[in-house]
Structure formats: C-alpha cells, structure tokens
Amino acid sequence: DPLACGFDRSLDVTGKGQSNFFDSSGVTQEGVAIAPTENFYATRAIGEHAVACLADHAANHGENPFFQYVAFTAPHFPLHAPQELIQRNQKRYETGWNIMQQQRHRQLTAAGITNCPLPSMELDIGPPYRFPDAIAILGAGEIERPLPWVELTRLQQNFQATKMAIHAAMIEAMDEQVGLILQQLAAMNALENTLIVFTSDNGASAEIMVRGEGHSLTAAPGSRKTFLSLGPGWSSACNTPFRRHKTWVHEGGIATSFIAHWPQGISARGQLRHQAVHLIDVTPTVLEIAKIDSVEPWNNQPPPSMHGKSLLAAFADGRATLEEQLWWCHDGHRAVREGNWKLVACKGEPWSLYHL
C-alpha cells in the first residue's frame, strides 16, 4: 500500500483494473473508492490523478521537492483502448509481424541503438502458459505460434492486425497522458529541473489468456467485453531484435527502453547510452541527486543494503563504467550477467553463454 509506505497520494487500480481497463469498481483514490463512471479508462484515470497531484503540490507545497511514481498499466493485457484510437491504427499493421520486425530492425540499426543481426522468429515458441480453453473462446482468428504471416488465413490476419492496432492505441493513450503530465510540469516551472525516467518492467508478452468478464466474439475488439492478448507473433516483433518474451530471461524478456530527461542536470542532449543498467540503480540515483547520504529507518526497520549504483556518471558520459553483476530467476528461467557476458537457461534446460 503506497499510503503506508510514505506516499501522500495514491490511485490504486490493482483490483479489477488488472483485468479490465474500463471497470472503475475497486479503484481507490487516497484509500477511498472512486465514484462509478461510464467513461472510466484506467490509463486516463492514472494520468489525470498524476496531473492533479502535481497541481496540488504546486499550489500548496511549491517550495518542496516531490517524488512521483506514475505506474501506467498499459499496454498490459487485456488489450483495451478507446475505439477512436483503435480505428486510427487499424490499417497500420495489416502487413503483418514479419514486415514489422524487419522494418523495426532497420530503424534500430540506422539509429545506432542496436547493431546485431535479426534473429529468425522462433516458430516453436508460443505462450509461456497454455490455456487451450482460452484459444477456443477467442475463436478461429487466434493462433499460438508466430507463423509466417503469409501462411495465416485472411480471418487470422484481420484478427491479429486488429490486436496490434489495439496495442498501439493503448500506447497512444498513454502517450497523451504523459504529454499532459509534461504540460503540468511546464506550467509549474518544474520541467527543466525535474528528473523524469521512463521505462518498463519487462519485454513484450507472448501470453494468451481470458480473465475478468471473459471474451465476447460479438463485442467490438478492444472494448470492455473482450479479453485479447498480444501473443507470440506481435511480441516477437515488438521485442526486435531480441529473442523470447516476458517470463523468459533472454533479452527479449528483460531488456527495455530507459529514457532520462533532466535539462538542468544532464548536459547531454539526445545521446545514446549503452551501459547495462537496472531498476535497482534508480534509488541510488535519486538519493545522490537529493544529496541524501544515509537513509533513516522506516517503521523501526533498518534500510536494506543498496544494491544498485547511481546513474549520474552515465548520464554525463557514455564511457562511464557501471560494472555490476546481475542475476534473474523467473518461473524457473534463469540468467546471470557480468560485464558483457551473459549465461542464460530456460526452465529445465542447460545453460548457454553469450557475449552481448
């Protein structure tokens, strides 16, 4: 509970919000259930609450610094988005996941973000957890493997292209809210001196399941009465150029974007950094910025040891070293990394060693 851990404000969508972006029941604001509304959409509610908190801070606590954690659930399943945004993206993905993967690989290479070959789609790798009943419920358009797009039926192509359009619409809706947050920061003259970090908790997911209110074949895709998931075809394309998906600890499962923006504190502008960093590095970074050398006990509990490292040196210099030993274990999948060497193994399978 964020309110029990030092936060002054909190919007909690961890109830039904995890299985329905359009359901406001169970959502609380500062610990109190919000009023039901027909126009509820979780992404919008999260952004509006973030903006309201910033405005309140500017009005009543403007002389103090602030820390805000904006935990958008988008684009996690189910694929839910406003219909007008879905329609805007509908035509974009009709060429399929193979073409999209190739286009993204060219763009990433040209931008200097990655320089590795494009791996073939792993046709034998499907969702990490099998729910055959869900596949039946979702109808003939759903498939469990990233088969070549040209081998799909027209029904499957239309169904899959619509799923990616909804996924894109979810991200577009989130982008709109991020823009409103940035506008609020600018309005309170805090944009230049606020460190903004944007990242995600894992790579795209190959999961396919049905939860919440179930899935209706007659409801508009992406609406409240549907429960769609991205699946392995689009997940493979979204994780370009990496292999595997969320749940696995290959790079496709764990490597994500990390964007930092702080005009007054970061002299670099639009520069790439290739050091390996982790979410554990965020806390020591914030503490260094705030000039906090030691953390006080909380509720009579001593602070845990600090495992990460401050990223300020990396923000300033792309050659700064951040030597860390990192390890992962998720559902039996495991990996360890030191420098550019990475050992990785799937559940029940032998280790493989890679130089990254």
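The values are calculated or read from the model by the stated rules, or taken from the named source; none is laboratory data. Being a predicted model, the structure only gives us computed values, none of them experimental. All Cβ positions, even for glycine, are placed from backbone atoms using ideal geometry, and neighbour counts span all protein chains on display. To get the accessible areas, we keep the full protein, side chains included, count just its heavy atoms, and leave off ligands, DNA and RNA. Shrake-Rupley method; radii C 1.70, N 1.55, O 1.52, S 1.80 Å.
Points worth noting:
- Prolate/oblate/rounded label for region 249-293 (Cα gyration tensor, a/c 1.5): oblate
- Fluctuation leader among N39, N202, N299 - the chain, Gaussian network, Cα springs under 10 angstrom: N299
- Pairs with C-alpha atoms separated by more than 32 Å, drawn from the list K246/K309; K16/K246; K163/K309; K91/K309; K291/K342; K91/K342, are K163/K309; K91/K309; K291/K342; K91/K342.
- Loop-resident sites, region 233-328, for GluC sites (Glu not before Pro), counting at most 12 other Cβ within 10 Å (DSSP): E323
- Only the Cβ atoms of Lys and Arg (+1) and of Asp and Glu (-1) were treated as charged; on that basis the dipole of the chain about its Cα centre amounts to roughly 1100 debye.
- Estimated D of the chain in µm² per second, where Rh is the Kirkwood radius over Cα pairs and Stokes-Einstein applies at 4 °C, 1.567 mPa s: 58
- Total formal charge among the other residues, if their Cβ is under 14 angstrom from that of H261, Lys/Arg +1 and Asp/Glu -1: +1
- Rg followed by Dmax, in Å, when region 209-273 is reduced to its Cα trace: 18.2, 53
- Region 245-291 versus region 57-122: alpha-carbon centroid distance in Å: 16
- Exposure ranking of R224, R319, R269 by accessible area [1.4 Å probe, largest first]: R319, R269, R224
- Across the options F72, L123, S267, the greatest Cα extent toward the positive end of the charge dipole of the chain (unit charges at beta carbon of Lys, Arg, Asp, Glu) belongs to L123.
- Structure remark: mean-square fluctuation, Gaussian network model of the chain, C-alpha springs under 10 Å; the largest value among F258, F227, F66 belongs to F66.
- Charge dipole of the chain about the Cα centre (unit charges at C-beta), most positive-ward option of T37, L312, I254: I254
- Magnitude of the charge dipole, region 36-101, Cβ model with Lys/Arg +1 and Asp/Glu -1, debye to 20: 340
- Charge tally around L3: other residues with Cβ under 13 Å, Lys/Arg +1 each, Asp/Glu -1 each, net -3.
- Calculated mean residue ellipticity at 222 nm for the chain: -9000 deg cm²/dmol, from DSSP H runs with n ≥ 4 weighted as -39500 (n - 2.57), summed, divided by the residue count and rounded to 500.
- Charge dipole of region 65-139 (Cα centre as origin; +1 on each Lys and Arg Cβ, -1 on each Asp and Glu Cβ, all else neutral): 280 debye, rounded to the nearest 20.
- For region 1-103, average projected area of the Cα convex hull in nm²: 9.3
- Count Lys and Arg as plus one, Asp and Glu as minus one, and take only other residues whose Cβ is under 13 Å from that of H57; the net charge is then -2.
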